[in-house]
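Notes follow once the structure below has been shown.
The values are calculated or read from the model by the stated rules, or taken from the named source; none is laboratory data. Note that the structure is predicted; figures quoted are calculated from it, not measured. Glycine gets a Cβ as well: all are built from the backbone with ideal geometry, and neighbour counts include every protein chain shown. Note: accessible area is taken over every heavy atom of the protein model, side chains too, but ligands, DNA and RNA are not part of it. Shrake-Rupley method; radii C 1.70, N 1.55, O 1.52, S 1.80 Å.
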Amino acid sequence: MKSVTSDICLKKNTLLKNTYRIKKVISCSELSIVYFGRHVESGDIQIIKEYFPKALVLRDLDDKTVLCRLPSSKEKYYELMEAFFNEATIIKELCHKNIVGYIDHFEENGTGYIVMEYCRGKTLNRYIKEEKTVSMVAFFHKTLFSLMDSLDFIHKKGIIHRDIKPENILISKEGQPILLDFGSAVYYKNHTRHKIFTTPGFSPLEFYSEKSKLGIYSDIYSLAATFYYYLTGRVPLDVSERLIEDRIENVRHYNREVTPLLSSVIMWGLSVNYKRRCSSLKLFKIAFYLEYLLLKIKKLWMSNGDSKQTINQSQFMKKDF
């Protein structure tokens with residue numbers, strides 16, 4: 001999503017459902033506008049997502065009502081609105097501490113709105129750039145394991161997220177991840193057709209077709225790409241550029257601190273062909289847990305080494321003085 005200041009957005013203090021008051025525009029995409037809002041009675045800050053497919057609609061003179069540009073686009077407009085409300089249906093079912101919380105959804109002003117809880121923190125891409133002092137041991141323990149647990153919870157509900165990437169993972173002050181934006185999520189076992197939503201570097205090949213078979217392995221590709229980004233600081237080579245000749249570099253090419261085991265599991269998760277891809281989150285958890293233990297042991301060993309050196313220096317000084 002891109003930041004925006006535009007006449008297409010709802011004005012500050014616009015009241016919705018006599019309950020939520022618009023306070024500030026956060027961002028805008030081709031299909032929706034996201035705002036900070038405030039509950040009129042409780043005063044709680046909330047996130048309000050408005051259905052607004054820019055190519056099909058315009059804002060009426062009352063600065064609230066949404067109108068289709070052409071009568072012929074109404075069918076498409078309501079078809080996309082149904083897909084928009086699918087996000088509300090899904091997050092309403094997902095009550096988990098590491099998943100954005102559902103509050104409300106409704107139709108008004110000729111369009112639809114989803115209200116979600118406001119979570120303080122930084123998106124993972126921003127967190128990686130700014131939090132240079134956070135050790136890998138702390139990040140694994142507080143963030144990555146919880147992220148994998150939340151994804152496992154989603155998959156057990158028969159849902160795949162379909163848009164896992166650093167921008168959709170919020171990291172709280174305590175280091176806890178919050179998984180955001182379920183606009184692309186689907187009940188994968190029941191779906192024969194699905195809308196195409198892709199992000200360069202983070203989407204597997206099967207996301208580029210409406211009829212392709214989707215599964216847990218699809219989210220695992222995006223999760224592996226996110227881990228690749230965290231460990232290397234680079235977005236993986238897009239899947240479209242890997243079809244004829246796969247020139248993606250191994251994680252250890254950029255980060256020699258990563259063990260061959262973890263690097264191999266991540267690269268396995270990034271396999272272009274889903275049939276050859278790692279299809280189990282358990283294997284990811286095991287690989288990361290082993291990496292965590294090795295890092296922890298290394299940290300303790302280095303810490304003990306520093307302590308011994310300090311003791312030896314103290315003894316040396318006592319002999320001299």
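Pull up region 242-260, narrow it to residues that are open to solvent by 90 Å² or more (accessible area, probe 1.4 Å) and in contact (Cβ under 8 Å) with a residue 24 or more places away in the chain, then point me to the one that is farthest from Leu295 (Cα to Cα).
Leu243
Output the residue which, of all residues in region 40-57 that are more than 12 Å from Ile8 (Cα to Cα) and among the charged types (D, E, K, R), is surrounded by the most Cβ atoms within 10 Å (Cβ to Cβ).
Lys49
Among the residues of region 171-186, count how many are part of a loop (DSSP other than H, G, I, E, B) and over 21 Å from Met81 (Cβ atoms).
Here the count works out to 5.
Considering only residues that are crowded, with 19+ Cβ neighbours inside 10 Å and farther than 22 Å from Met136 by Cβ, look in region 217-237 and name the one that is farthest from the chain's Cα centre (by Cα).
Tyr217
Could you go through region 11-32 and let me know if any residue there is among the β-branched types (Val, Ile, Thr) and loosely packed, with under 14 Cβ neighbours inside 10 Å.
Within region 11-32, not a single residue is among the β-branched types (Val, Ile, Thr) and loosely packed, with under 14 Cβ neighbours inside 10 Å.
I'd like the residue in region 236-284 that is of a type in the set (Gly, Ala, Ser) and assigned to a loop (DSSP other than H, G, I, E, B) and, out of all such residues, is nearest to Lys213 (Cα to Cα).
The residue in question is Ser279.
Condition check ((1) of a type in the set (Val, Ile, Thr); (2) assigned by the TED database to the domain that holds Phe182; (3) surrounded by fewer than 18 Cβ atoms within 10 Å (Cβ to Cβ); (4) at negative phi) across all residues:
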{"residue": "Arg59", "(1), (2), (3), (4)": "no, no, no, yes"}
{"residue": "Thr65", "(1), (2), (3), (4)": "yes, no, yes, yes"}
{"residue": "Lys74", "(1), (2), (3), (4)": "no, no, yes, yes"}
{"residue": "Tyr77", "(1), (2), (3), (4)": "no, no, no, yes"}
{"residue": "Ala83", "(1), (2), (3), (4)": "no, no, yes, yes"}
{"residue": "Ala88", "(1), (2), (3), (4)": "no, no, no, yes"}
{"residue": "Leu94", "(1), (2), (3), (4)": "no, no, no, yes"}
{"residue": "Ile99", "(1), (2), (3), (4)": "yes, no, no, yes"}
{"residue": "Tyr102", "(1), (2), (3), (4)": "no, no, no, yes"}
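For region 150-162, how many residues are in contact (Cβ under 8 Å) with a residue 24 or more places away in the chain and out of contact with any Leu (no Cβ under 9 Å at 6 or more places or on another chain)?
Residues in region 150-162 being in contact (Cβ under 8 Å) with a residue 24 or more places away in the chain and out of contact with any Leu (no Cβ under 9 Å at 6 or more places or on another chain): 1 in total.
Look at region 29-52 and say how many of its residues are out of contact with any Cys (no Cβ under 7 Å at 6 or more places or on another chain) and part of a strand (DSSP E or B).
Qualifying residue count for the region: 14.
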